[in-house]
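The values are calculated or read from the model by the stated rules, or taken from the named source; none is laboratory data. Keep in mind the model is a prediction, meaning the values are calculated, not measured. With ideal geometry, Cβ positions are generated from the backbone for all residues, glycine too; neighbour counts draw on all protein chains shown. Accessible surface is based on the protein model in full, side chains and every heavy atom, while ligands, DNA and RNA are left aside. Shrake-Rupley method; radii C 1.70, N 1.55, O 1.52, S 1.80 Å.
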Amino acid sequence: GRVLETVAATAVAVLLQTLFPTWPQQIKYVLTDKATETPTERRIEQEFGINYWGDKNEERLSELEQDLIKIKETKPMLFKYLNGVTLYSKEDLDKWYTKQFLAFGGRANIKTDNVELCSLDSDMEKHEFCHILHNNLPKEFTEKIEKILGNTIWKDLDWTPLLRLRFPGSWKDGTSGPKNGQVCAYGALNLEETVASYFEELDDLSFWENP
């Protein structure tokens, strides 16, 4: 009985760590946030109406601030439902239990309306913010997208990366650009990625001129 309980508890712990690899750092950031708040962090929270947790490096905070300014200028609606942003420090991402998060670059937690970032890139940030916006829109929006592009989900994707526990990022022919009505292969994973991928390219004129 005890052995089975131990095995079950270990399996659950491994599963949780796989699904939520950053939770130990997230707890640390929340607990130490106010005691270590910086002027740039405070300015970000006030200017964009969001919470900030994580890296206190002023250079990276300033870079994040510039990204957010750029995003707000072109897509202010992305901040409507965004609760907060966590930027993981390079030191914390070097921990063995968070290394797998590096493969994502960032991710949106639709349960808390927070976005977690391990690197800084305004396009990737827009993509993750869009997941938060999309999750808060009426379900009719997704239903309309499904009618238009639902039959393209999973179509022609190269699934071999799953063997390395990575999401597919290319088509079977080795390309990753527009195909089947999708702007990129990654967008064909599901409707959420379809919407975020399209949204990411909306103001990129070079993409639409030469997709």
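Each row is one residue, and each column tells you yes or no for (1) polar (S, T, N, Q); (2) touching a helix residue (DSSP H, G or I) at 6+ places or on another chain (Cβ under 9 Å).
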{"residue": "I110", "(1), (2)": "no, yes"}
{"residue": "L120", "(1), (2)": "no, yes"}
{"residue": "N136", "(1), (2)": "yes, no"}
{"residue": "E140", "(1), (2)": "no, no"}
{"residue": "I145", "(1), (2)": "no, yes"}
{"residue": "T152", "(1), (2)": "yes, yes"}
{"residue": "K155", "(1), (2)": "no, yes"}
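Residue count for the range 1-41 satisfying the condition of being outside any helix (DSSP H, G or I) and at pLDDT 70 or above: 3. Of the numbered criteria (1) at pLDDT 95 or above; (2) under 20 Å from K70 (Cβ atoms), the one H134 fails is (2). Within the range 177-199, residues that are without any contact (Cβ under 8 Å) to a residue 12 or more places away in the chain have Cβ atoms under 8 Å from residues that are open to solvent by 20 Å² or more (accessible area, probe 1.4 Å) in these pairs: G187/E193; G187/Y198; E193/Y186, counting only partners at least 6 apart in sequence or on another chain. The set of residues in the range 177-211 that are open to solvent by 50 Å² or more (accessible area, probe 1.4 Å) and either in contact with a Cys (Cβ under 8 Å, 6 or more places away or on another chain) or within 23 Å of R107 (Cβ to Cβ) (or both) comprises P178, Y186, N190, E192, Y198, L202, D203, D204. Taken over the range 42-73, residues that are farther than 22 Å from T112 by Cβ and either assigned to a loop (DSSP other than H, G, I, E, B) or open to solvent by 80 Å² or more (accessible area, probe 1.4 Å) (or both) amount to 7. With respect to (1) at pLDDT 90 or above; (2) of a type outside the set (G, A, S); (3) open to solvent by 10 Å² or more (accessible area, probe 1.4 Å); (4) within 15 Å of M124 (Cα to Cα), the lone exception for L78 is condition (3). Can you tell me which residue within the range 129-147, out of those that are open to solvent by 40 Å² or more (accessible area, probe 1.4 Å) and not in a loop (DSSP other than H, G, I, E, B), is farthest from K72 (Cα to Cα)? In this case the residue turns out to be K147. Taken residue by residue, the range 135-155 has no member that is on the phi < 0 side of the Ramachandran plot and in contact (Cβ under 8 Å) with a residue 60 or more places away in the chain. In the range 114-123, the residue that is modelled with the lowest pLDDT out of those that are surrounded by 20 or more Cβ atoms within 10 Å (Cβ to Cβ) and either over 8 Å from the mean Cα position of the chain (by Cα) or of a type in the set (A, V, I, L, M) (or both) is C118. Is it true that K155 is modelled with pLDDT of 90 or more, surrounded by 12 or more Cβ atoms within 10 Å (Cβ to Cβ) and more than 12 Å from the chain's Cα centre (by Cα)? For K155, the condition - modelled with pLDDT of 90 or more, surrounded by 12 or more Cβ atoms within 10 Å (Cβ to Cβ) and more than 12 Å from the chain's Cα centre (by Cα) - is met.
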